[in-house]
1. Separation between the V23 and Y215 pseudo-spin-labels, each 7 Å from Cα along Cα→Cβ, expressed in nm?
2. Which chymotrypsin sites (Phe, Trp or Tyr not before Pro) from the range 139-219 combine a DSSP loop assignment with at most 16 other Cβ atoms within 10 Å?
3. Using Stokes-Einstein with the Kirkwood hydrodynamic radius over Cα pairs, what translational diffusion coefficient do you get for the range 106-219 at 10 °C and a viscosity of 1.306 mPa s, in µm²/s rounded to a whole number?
4. In whole percent, what relative contact order does the range 148-219 give with Cα contacts below 8 Å and a gap of six or more residues?
5. If you take the C-alpha gyration tensor of the chain, multiply each eigenvalue by 5 and take the square root, what semi-axes do you get, largest first, in whole Å?
6. With a 1.4 Å probe and all protein chains left in place, how much of the accessible area of the range 22-64 comes from carbon and sulfur atoms, in whole percent?
7. Report the accessible area of E147, computed with a 1.4 Å probe over the heavy atoms of all protein chains in place, in Å² rounded to the nearest 10.
8. Hey, got the dipole for the chain? About the Cα centre, +1 on K and R Cβ, -1 on D and E Cβ, debye to the nearest 20?
Amino acid sequence: MKEYPQTKINRIKRGANRGTYNVEKINTILDAGFLCYVGYIYDGKPITIPMAYARKEDKIYIHGSTGNRMLLSILESKETSITVMHLDGLVLARSGLHHSVNYRSATLFGNLKKVEKDEDKTKILRLIVDQMVPNQWDSLRPMYQKELDRTLVVEFTIETASAKIRDVGVADEPEDYKLEVWAGIIPIKQIAEYPIPDEGKPKSMEIPQHILDYYEKNK
């Protein structure tokens, strides 16, 4: 099994038993979502913001306007870290200290470059849209040149990464298991509700099959 190299920056110290550097497991976490958190420094201040993303092999792609200060900042620094996290459950213990959550998270470290060619930008934007809803791009009108001109696309190459996964029950103090206090797990999941058409023509159109397929899979 291929693993990312362990370095000072990605090595998991606290809760190391929940950690993994396995590339396949990390990719599974990344492919299960489309929102990531990107860290950067702006005017000497640390900031983290959510962004839509897509993964292809060892690349993560994000995009925004050509004036996006986060994208411009990380391109200038030529490196960043990206985190993806999925909440799977609330772990309710017998004491406040031992309350926790079940989750899957991956943190990535690497370098970046600006995607220059319109053809490449279009392919990447397709990846991002289809990571949100599979097969969505083919139902859309082609992008205008003016839209491409004002869109900044960044390619992030994963150099190293690590993940943490918690998928177990309550871990209370031994003496607390005798207490008359309820403890357990509340499973959490993100679901899709039935699609709502936009105003105008969509009101009279049939909902595309790929959107209904997404709803059926995620309801």
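1. Taking the simple label geometry, V23 and Y215 are separated by 4.0 nm.
2. Working: sites: Y144, F156, Y177, W182, Y214, Y215; in loops: Y144, W182.
Within the range 139-219, the qualifying chymotrypsin sites (Phe, Trp or Tyr not before Pro) (loop, at most 16 other Cβ atoms within 10 Å) are Y144, W182.
3. On the way: Rh = 19.3 Å.
Approximately 82 µm²/s, per Stokes-Einstein.
4. On the way: 22 pairs, mean separation 19.5, N = 72.
It rounds to 27 percent for the range 148-219.
5. Working: eigenvalues 247, 137, 46 Å².
Each semi-axis is √(5λ); the values are 35, 26, 15 Å.
6. On the way: 1190 of 2290 Å².
Using a 1.4 Å probe with all protein chains present, the range 22-64 comes out at 52 percent carbon and sulfur.
7. Result for E147: roughly 40 Å² accessible.
8. On the way: 32 positive and 31 negative charges, 102 e Å.
The dipole of the chain has a size of about 480 debye.
The values are calculated or read from the model by the stated rules, or taken from the named source; none is laboratory data. Just so it is clear, the structure is predicted and the values come from calculations on it, not from any experiment. Positions of Cβ are backbone-derived with ideal geometry, glycine not excepted, and every protein chain shown enters the neighbour counts. Keep in mind that these areas ignore ligands, DNA and RNA; they rest on the heavy atoms of the full protein, side chains included. Shrake-Rupley method; radii C 1.70, N 1.55, O 1.52, S 1.80 Å.
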